[in-house]
Amino acid sequence: MAPADHIPSSTKLQPGSPQDPTPFGKYLLMGMIARGGMAEVYRAKARNGTTGLGDRLLAIKCMRPQLAKESRFVEMFIREGKLAVLLDNDSIVRTFEIGRIEGRYFIAMEYIGGKDLTQILRRCQESNQRIPVPHACYIAARMSDGLHYAHTRSDAEGRPLNIVNRDVSPS
C-alpha cells in the first residue's frame, strides 16, 4: 500500500450514527468513538453478509488523511495493523483486517463496550473511593497477561517479533 497522494487533507469521513450509518466499503460507520493524533476510531458493523463477522460491533481505526501523504506514517500504521493481526489473546483486542477504502487506511478490530479505566478512576476520585483490591488485581493480571503474550510472541518461523508496546494507558 502506497501513500494516498491524491487525497486532500480536507477529506472528512462522515461518522454516521446508529440510526443513520455511513457506508465505508464493506462496513457501516455508526459514530466516532475517539480522535487521536494519528487516527480516528469509529464504531461500526459489517454490511450484511460481506465479512463473516456477523452482527458484531467493530471499531474501525482510520488514519488521518493528512498523515497518509507521508510514507513513513503509512508504513507505521500498516506495520501496527499487521502486528495486531498476529496477536490472538483474550487480553488483547482482536484485529480482523487492515486495508484501504476510499483512499483511507484503516484497521478493523473488535469493539469492546463499556467504560475505560480512565473513566472509572476519575469516578473513583470524584467519589473519594478506591477500586476494590480484587478488581485492581484482576485488571493488573489481565494487562500483564496481554503484555507478556505480545512481548514473547514469535512469527511462524519461531523468530521473536520483539514487540514493545508504547500505548499502555488506562484508556
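Annotations
- Residue ranges of strands (runs of 3 or more DSSP E) in segment 54-171 with at least 3 members aliphatic (A, V, I, L, M) and in contact with a helix residue (DSSP H, G or I) (Cβ under 7 Å, 6 or more places away or on another chain): none
- Cβ separations smaller than 9 Å between residues 6+ apart or across chains give the following pairs from segment 83-97 residues that are of a type in the set (Asp, Glu) to residues that are part of a strand (DSSP E or B): GLU97/PHE106; GLU97/ILE107; GLU97/ALA108; GLU97/MET109.
- Within segment 88-103, if we keep just the residues that are polar (S, T, N, Q) and open to solvent by less than 40 Å² (accessible area, probe 1.4 Å), the residue that is farthest from the chain's Cα centre (by Cα) turns out to be ASN89.
- Residue within segment 78-87 that is open to solvent by 30 Å² or more (accessible area, probe 1.4 Å) and modelled with pLDDT of 95 or more present: no
- Picking from residues in segment 34-72 that are farther than 28 Å from ASP20 by Cα and in contact (Cβ under 8 Å) with a residue 60 or more places away in the chain, the one that is least open to solvent (accessible area, probe 1.4 Å) is SER71.
- Residue within segment 113-128 that is more than 28 Å from TYR42 (Cα to Cα) and open to solvent by less than 70 Å² (accessible area, probe 1.4 Å) present: yes
- In segment 125-141, the residues that are free of Cβ contacts under 8 Å to residues at least 40 places away in the same chain form Cβ pairs under 9 Å with partners that are among the small types (Gly, Ala, Ser) and not in a helix (DSSP H, G or I), at six or more places apart or across chains, as follows: ALA141/SER91.
The values are calculated or read from the model by the stated rules, or taken from the named source; none is laboratory data. Please read all numbers here as calculations on a predicted model, not as lab measurements. Neighbour counts run over all protein chains shown; Cβ positions are idealised from the backbone, glycine included. The protein model used for the area step is the full one, side chains on, heavy atoms only, and it has no ligands, DNA or RNA in it. Shrake-Rupley method; radii C 1.70, N 1.55, O 1.52, S 1.80 Å.
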